[in-house]
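What follows draws every value from the coordinates through simple rules; no lab data is involved. All values reported here derive from a predicted model rather than from experimental measurement. Glycine also receives a Cβ, built like all others from the backbone with ideal geometry; neighbour counts cover every protein chain displayed.
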Amino acid sequence: MKILFGIQGTGNGHIIHSREILKSLVKKAEVDVLISGLHHEVNLGFDIKYKLRGLGFMFGKKGGIDYWKSIRFANPFKLVSDIYSLPVHEYDLVLSDFEPITAWASKLKGIPHISISHQASLLSSKAPRPDQQNRFQQFVMKWYAPGDSLIGLHFKEYDDFITTPIIREEIRDSEVKNDGHYTVYLPSYDESYITQILKKIDVPWEIFSKHYKGEPFSQDNITVCHVDNSSFVQSLSSCQGLLCNAGFDTPAEALYLGKKLMVIPMKRQYEQQCNAEALKGLGIPVVNVIGKDFSSRLSDWVNSSFVYQADYKDNVPQIVDRILNFKSSSGSLR
């Protein structure tokens, strides 16, 4: 079987769990890789046949998406051109991790397509979501990268097509300990803004900043680093707790490692608001806005002992089997 695997390249999460799928999938099928989006730091570790601009967003520095930069970066004419010119007819199956070019090219040309992503799980009415639903963003999630069939990833198996998170090999093999520091990954905030807040809480903080590109430096109880895969894994596996946005893969890794967790969903980012609701259901503290009481809530969290320990089994073999058996099934993975 010849497969085209399209991976979303905005952020690191899609690349992290797609890499685990590829490790197994390439042993059983011929796979070409397409990545669209340029704003990631993690190396896929496999040859990339197509590297395209795609359609993503730019992280802001005050807790949300920089929509103006995102619009300036977008090139809809190039996007449409890439969709129509991508030779998906050369493949038996298209696999997409929230990647729009492969998804729409296969849809328009009638090539079997599987959508595997955390976003796919949010299409289920059984997945947690805030009381005030955003119908426009739900519509975008449904049609941004549509698939014939879905494999959803979520913190729990909320529906029959949803499986638990894919935990990368580096995390599973890491030495889990507690050195007393707190790891911070808030890509939607500038490190200088975060530093001014965290220094008031007298514990060691290790900040991994998407905006900082220099050498790591330390000041008082704060260490600031650029995002580096091995350094982050080491920091996370040896920390006491993780403060991060309400994404998917990074909180899932903290839950798997049994680390204290606090999340801050990105502003006006519906997916993260849905994740925040799911994490609340697990007892994880959620801060919607960094306001006047944030230092107090942060201090309470640091002094708390609550940990949610998730037992996430290695589900990659089952996922790969579902992918490879797709064409011989009734046409759906659901």
Revision key, fill the gap. Tilt, helix 100-109 to longest principal axis of the chain (alpha-carbon atoms), in degrees rounded to tens, equals 20 degrees
Point to revise | Loop trypsin sites (Lys or Arg not before Pro), the stretch 2-41, which have at most 14 other Cβ atoms in a 10 Å radius of their Cβ (DSSP) | key: LYS27, LYS28
Review point. What is the ratio of the Cα radius of gyration of the stretch 169-302 to 2.2 N^0.38 Å, where N is its residue count, to two decimals?
Key: 0.98
Review point. Percent antiparallel among DSSP beta bridges with both residues in the stretch 169-302, to the nearest 5?
Key: 15 percent
Check your understanding: When DSSP beta bridges are limited to those with both residues in the chain, what percentage is antiparallel, rounded to the nearest 5?
Key -> 10 percent
Review point. Roughly how many nanometres apart are two label points built 7 Å out from the Cα toward the Cβ at ASP202 and GLU175?
Key: 3.0 nm
Point to revise | Selection of GluC sites (Glu not before Pro), the stretch 117-178, meeting DSSP coil and at most 16 other Cβ within 10 Å | key: GLU157, GLU175
Review point. Rounded to two decimals, what ratio of Rg to Rh does the chain give with C-alpha atoms and a Kirkwood Rh?
Key: 0.96
Practice item. Rounded to the nearest 10 degrees, what's the angle between the helix 76-85 long axis and the longest principal axis of the chain, both from Cα atoms, 0 to 90? Key: 40 degrees
**Study point:** Pair ARG297, LEU324: separation of 7 Å Cα→Cβ label points (nm)
**Key:** 4.6 nm
**Study point:** Three principal axis lengths of the stretch 86-181 [C-alpha, angstrom, descending]
**Key:** 53, 37, 25
Check your understanding: Taking only Cα atoms, what is the 0 to 90° angle, nearest 10, from helix 13-25's long axis to the longest principal axis of the chain?
Key -> 50 degrees
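Estimate the FRET efficiency between ASN43 and HIS89 by the formula 1/(1 + (r/R0)^6), using the beta-carbon distance for r and 30 Å for R0, to the nearest 0.05.
Details: r = 30 Å, r/R0 = 0.99.
Computed FRET efficiency for ASN43 and HIS89: 0.50.
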